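One structure below.
The values are calculated or read from the model by the stated rules, or taken from the named source; none is laboratory data. Small disclaimer: the values here were computed from a predicted structure and weren't measured. Positions of Cβ are generated from backbone atoms using ideal geometry, with glycine treated the same way; all protein chains shown enter the neighbour counts.
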Amino acid sequence: MSEPVFDLTYIWAAIMAFGVIMYVLMDGFDLGQGILFPFAPDEESRDIMMNSVAPVWDGNETWLILGGAGLLAAFPLVYAVFLPALYIGVFLLLAGLIFRGVAFEFRFKARTSKYLWNWAFAGGSIVASFAQGAVVGAYIQGFEVENMRYVGGALDWLTPFTVLTGLGLVAGYGLLGATWLILKSEGKTQAWAYKITPPLLVAVLVVFGAIGLYTPYVDQYVSSRWFDEISIAWILPVLVLLCAIRVYTSVRSKRDGSPFVATMGMFVFTYLAMLYSKWPYVVPPDYTFHQAASAHESQLFLLLGLLFVIPFVLVYTAWTYWVFRGKVKAGVGYH
Amino acid sequence: MELDPLLLSRIQFAFVVSFHAIFPVFTIGLASFIATLEGLNYRTRNPVWERLATFWAKVFAVVFGMGVVSGIVMAFQFGTNWSVFSHTSANFLGPVLSYEVVTAFFLEAAFLGVLLFGRNKVPRGVHFASAVMVATGTFISSFWILSANSWMQTPAGVEMVDGFYHVVSWADAIFNASFWPRFFHMALASFLTGSFVVAGVSAWYIMQGREVETHKKALSMTLWFLLIATPAQVVIGDIHGLNTLEHQPTKVAAMEGNWETGGNVPLLLFAIPDQEAQTNHFEIGIPNGASWILRHDAEGVVPGLKDVPQDKQPPVAIVFWAFRIMVGIGLLMVVFAVVGLFLRRNENYAKKRWFLNGLRFMSFSPFLAVLAGWFVTEVGRAPYLVYGQMTHAEGLTPSLTGGMALFTLIGYIVVYALVFTAGSYYLMRVLRDGLEKSETTVTDDELQRAKRPLSAANSAIEWE
Ligand code: HDD
Ligand code: HEM
Ligand code: HEM
């Protein structure tokens, strides 16, 4: 092999980081509908909640598949360590997504068995969200890897810390779901969404705060990263807090769009802070982005195609959201 | 009893991939059929085509939805159970699978919505174009995934550096030796699946006297098509087999149930291969048949299983019988297509109950043939994952224990059983409702609800 002229690994790290946050933001609010489902005031609100995400959830989940395939292409070591290490968790995630996916479809056709699909939707969404949160925790925690192979046990990932991050993401997606609902609904459904947003916000801040305090104990590297010298990165938690305040004030002043945007801001800054905590390690504690990367020619071959195709994909996606813009009306569905 | 993670992983993989496979083959074929109907509708403005297209799009929606959920599982199976294999071949497989996502999955997702819900929202031309795009998407998807699979059968364009495959020629790797025969064989298999299901369902409606004229049009169309497609599949299958003979001789030996390399090999119609004893029992065959088919010469040399040590032989009986099931069904399909031609007089193909009953029965056959075909291909590759280079055992996830594998195997079986039951139940419901109910004016609610697969079909799920 010839030496690469320039290093694509950083570009790929940026693409993957972008893909992951796209997935989290987009699937987050529709998983959130499932998380809030059992607490909805009535069946009609549930209809609205489902209708509000029905046209887009499938496209949202495609980002997850892109995440899987993209990791295999650009950072195969991550793919080959995370999936075996999280074997049981991945199964739960997939099972959750399956039940939730079919519940979407069947609930509207069901009559007497409607309640079954309500549970399938809620249960599937909660399990899938929890599993994703646990993956994040497991990443911070690190993996037992020898010679590029995972050598730990089946349930090593399941620790008090990952349970905490799992719950954190469930709460976070719940908040995203609630603020999305503020944006997309009106009347009593919206009133309910307004009502639950502040307590959810508090719950999220408490769990995120606990995770923030816990993390340096779980991982030495993270603590030295943040506390050895005070860097510009400290702006990130501050920004998270500012966004949280914005969520609160805009809920108070009943501005339909802002809570959702501000919640997305919380997610983005938390995510950046997490990336900063671990950079440049991608399979903690041992491997960096460069060590996990695939061959240069593979990165290049895929990058050339992506540069051409992804703009189209983004246009379709935007177009879908545009077609289904506006409030979801009770009993009417979309316009 | 010691639980073997390798065996359990193989069973699990075979189970989840077989489950997934039955949906795509149907949707690929049906997508093209729908695009054809939409095209006819666009040109002729004859409402018959529009009604048929709308009805079949509903069926399509249900099946496509199941394909999607089961497909997501596949994308992660490589990593969970075959992590060493994934890692080793990631430089090739990663980009190929990623290209599938960005060129096919997003395309299908976007245009499916327009196809299912956009008839009154977009201009006629755009609607027809969407149907074509969905069909195109399914083919792009098969292109990439079959390239990945063919590469595992006949690896090319790569070199091994420090234990990892590196691609030296993308063209050689993507268009590897067995790719084109496999792609065309699979494409035709999908067309046959779509056609036989449409034919069988139409026959069923005709027998019930429901919307006879409309369904006769669909039946007639598919019968003409089958007249070309069924013999074509036999020819391509033959080419495919000759390709295998060249690149994977041991697999051909297993398909033929032939132990000793040599000439004058019979074409076995029946036999019970005995791997322990390295021989067959109860052979019934056509003398020199296999030599003729594979070498076009009675003396032609056919490879034998004993050329490789016993632990490098695939499980012969599975390959041998799966191959016979596939070919048997293939020939039976030709018979049906030809009989259909003879029944053209007086439109007898839509009158003879035995023929219509036969077609109903045949609508299940392509699924069986497809699974049998994949079993030939995949089991025949054993013990290798990457033919001749990496075995199943070498590719297995090292940290996987028997208990973990058993847990997920049982898990997938339970989950799929539930989903499949609900899905089939729902599909039957759509079929029972038929053309008549599918056009009761779509309410605002239903129209608006979704651009999502299953919601296009709006029958309620319980019995009334
Ligand atoms: C010859 C065709 C074919 C074959 C052999 C496979 N697939 Fe498939 N797959 C399709 C043809 C297809 C399709 C027709 O494109 C589907 C069916 C429904 C759909 O959405 O696309 C699909 C769906 C589908 C999805 C969901 C896409 C979505 O959400 O839109 C994934 C992740 C996969 N597949 C992955 C796989 C993997 C990893 C396979 C290999 C083991 C595989 N498929 C075999
Ligand atoms: C969709 C149609 C497919 C079906 C029905 C199918 C079926 C099977 C079966 C039955 C096995 C088991 C063989 C054995 O253990 O002896 C197998 C193995 C395997 N196949 Fe496929 N296959 C399909 C497509 C693919 C594709 C497209 C790929 C790769 C891109 C693939 C990759 C594998 C791998 C990695 C194994 C090894 C695991 C195992 O042995 O079970 N398969 N497949
Ligand atoms: C009588 C005619 C047929 C012949 C001679 C034939 C031949 C073959 C051969 C030799 C293979 C194995 C390729 C390998 O080495 O891996 C194969 C695989 C396969 N066959 Fe057939 N086949 C026939 C009919 C059919 C029919 C009717 C269907 C389905 C409707 C079908 C579906 C498949 C599939 C899905 C595979 C696995 C994928 C692949 O390798 O292409 N075949 N066929």
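Annotations for the structure displayed:
- From the options A:275, A:239, residue that is in contact (Cβ under 8 Å) with a residue 40 or more places away in the chain, over 12 Å from residue A:201 (Cα atoms) and not charged (D, E, K, R): A:275
- For the stretch A:301-311, the set of residues classified as surrounded by fewer than 16 Cβ atoms within 10 Å (Cβ to Cβ) and more than 8 Å from chain B (Cβ to nearest Cβ) consists of A:304, A:307, A:308, A:311, listed by residue number.
- With a requirement of 2 or more residues that are within 14 Å of chain A (Cβ to nearest Cβ) and either within 20 Å of residue B:78 (Cα to Cα) or in contact with an Asp or Glu (Cβ under 6 Å, 6 or more places away or on another chain) (or both), the helices (runs of 4 or more DSSP H) lying completely within the stretch B:95-174 that satisfy it span B:124-153, B:170-174.
- Test: residue in the stretch B:163-176 that is at pLDDT 95 or above and within 10 Å of ligand 1 (Cβ to nearest atom): no
- Among (1) loosely packed, with under 15 Cβ neighbours inside 10 Å; (2) more than 8 Å from chain A (Cβ to nearest Cβ); (3) more than 16 Å from ligand 1 (Cβ to nearest atom); (4) modelled with pLDDT under 95 - the single one residue B:420 does not satisfy: (3)
- Subset of the stretch B:11-38 [farther than 16 Å from residue B:407 by Cβ and away from ligand 1 (no atom under 13 Å from the Cβ)]: B:33, B:34, B:35, B:36, B:37, B:38
- Flag if residue A:31 is away from chain B (no Cβ under 11 Å), touching a helix residue (DSSP H, G or I) at 6+ places or on another chain (Cβ under 7 Å) and assigned to a helix (DSSP H, G or I): yes
- Considering only residues in the stretch B:122-144 that are in contact with a Leu (Cβ under 8 Å, 6 or more places away or on another chain) and of a type outside the set (S, T, N, Q), the one that is modelled with the lowest pLDDT turns out to be B:127.
- Any hit, the stretch B:6-27, residues being on the phi < 0 side of the Ramachandran plot and without any contact (Cβ under 8 Å) to a residue 12 or more places away in the chain: yes
- Among the residues of the stretch B:391-417, those identified as within 27 Å of residue B:163 (Cβ to Cβ) and within 14 Å of chain A (Cβ to nearest Cβ) are B:394, B:395, B:396, B:397, B:398, B:399, B:400, B:401, B:402, B:404, B:405.
- Residue satisfying condition, being within 16 Å of ligand 3 (Cβ to nearest atom) and over 30 Å from residue B:400 (Cβ atoms), within set B:128, B:55, B:64, B:143: B:143
- Residue selected from the stretch A:43-57 under the condition under 17 Å from the mean Cα position of the chain (by Cα) and either surrounded by fewer than 24 Cβ atoms within 10 Å (Cβ to Cβ) or at pLDDT 90 or above (or both), by the criterion farthest from ligand 3 (Cβ to nearest atom): A:56
- Of everything listed in (1) in a helix (DSSP H, G or I); (2) touching a residue at least 40 places away in the same chain (Cβ under 8 Å); (3) surrounded by fewer than 20 Cβ atoms within 10 Å (Cβ to Cβ), the single unmet condition for residue B:404 is (3).
- Top-ranked residue of the stretch B:104-129 - restricted to ones that are of a type in the set (Gly, Ala, Ser) and more than 26 Å from the chain's Cα centre (by Cα), ranked as nearest to ligand 1 (Cβ to nearest atom): B:118
- Within the stretch B:373-394, the set of residues being over 16 Å from residue B:311 (Cβ atoms), near ligand 2 (Cβ under 8 Å from one of its atoms) and among the hydrophobic types (A, V, I, L, M, F, W, C) comprises B:374, B:375.
- Inside the stretch A:268-291, residues that are touching a helix residue (DSSP H, G or I) at 6+ places or on another chain (Cβ under 6 Å), in a helix (DSSP H, G or I) and surrounded by 17 or more Cβ atoms within 10 Å (Cβ to Cβ) make up a count of 7.
- Residues that are over 22 Å from the mean Cα position of the chain (by Cα) and either within 16 Å of ligand 2 (Cβ to nearest atom) or aromatic (Phe, Trp, Tyr) (or both) within the stretch B:324-342 comprise just one, B:342.
- Test: residue in the stretch A:95-105 that is within 16 Å of ligand 2 (Cβ to nearest atom), facing chain B (nearest Cβ under 9 Å) and within 30 Å of residue B:88 (Cα to Cα): no
- Any chance residue B:86 is more than 29 Å from residue B:415 (Cα to Cα) and either crowded, with 22+ Cβ neighbours inside 10 Å or touching a Pro at 6+ places or on another chain (Cβ under 8 Å) (or both): no
- Annotation note: of B:292, B:321, the sole residue that is among the aromatic types (Phe, Trp, Tyr) and within 24 Å of the chain's Cα centre (by Cα) is B:321.
- Residues (of a type in the set (Gly, Ala, Ser) and near ligand 1 (Cβ under 8 Å from one of its atoms)) located in the stretch B:130-151: B:137, B:141, B:142, B:148
Each row is one residue, and each column tells you yes or no for (1) in contact with a Phe, Trp or Tyr (Cβ under 6 Å, 6 or more places away or on another chain); (2) more than 14 Å from ligand 2 (Cβ to nearest atom); (3) of a type in the set (S, T, N, Q).
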{"site": "B:20", "(1), (2), (3)": "no, no, no"}
{"site": "B:24", "(1), (2), (3)": "no, no, no"}
{"site": "B:28", "(1), (2), (3)": "no, no, no"}
{"site": "B:35", "(1), (2), (3)": "no, yes, no"}
{"site": "B:38", "(1), (2), (3)": "yes, yes, no"}
{"site": "B:48", "(1), (2), (3)": "no, yes, no"}
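- Of everything listed in (1) in contact (Cβ under 8 Å) with a residue 60 or more places away in the chain; (2) away from ligand 3 (no atom under 16 Å from the Cβ), the single unmet condition for residue B:133 is (1).
- Failed criterion for residue B:229 (all others in (1) more than 14 Å from every other protein chain (Cβ to nearest Cβ); (2) within 15 Å of ligand 2 (Cβ to nearest atom); (3) of a type outside the set (Ser, Thr, Tyr) hold): (2)
- Flag if residue B:362 is away from chain A (no Cβ under 14 Å), within 16 Å of ligand 3 (Cβ to nearest atom), buried (at least 17 other Cβ atoms within 10 Å of the Cβ) and over 30 Å from residue B:250 (Cα atoms): yes
- Some residue of the stretch A:83-95 being out of contact with any Gly (no Cβ under 7 Å at 6 or more places or on another chain) and within 21 Å of residue A:53 (Cα to Cα): yes
- Enumeration of residues in the stretch A:34-85 that are among the charged types (D, E, K, R) and at the interface with chain B (Cβ under 8 Å from one of its Cβ atoms): A:58, A:61
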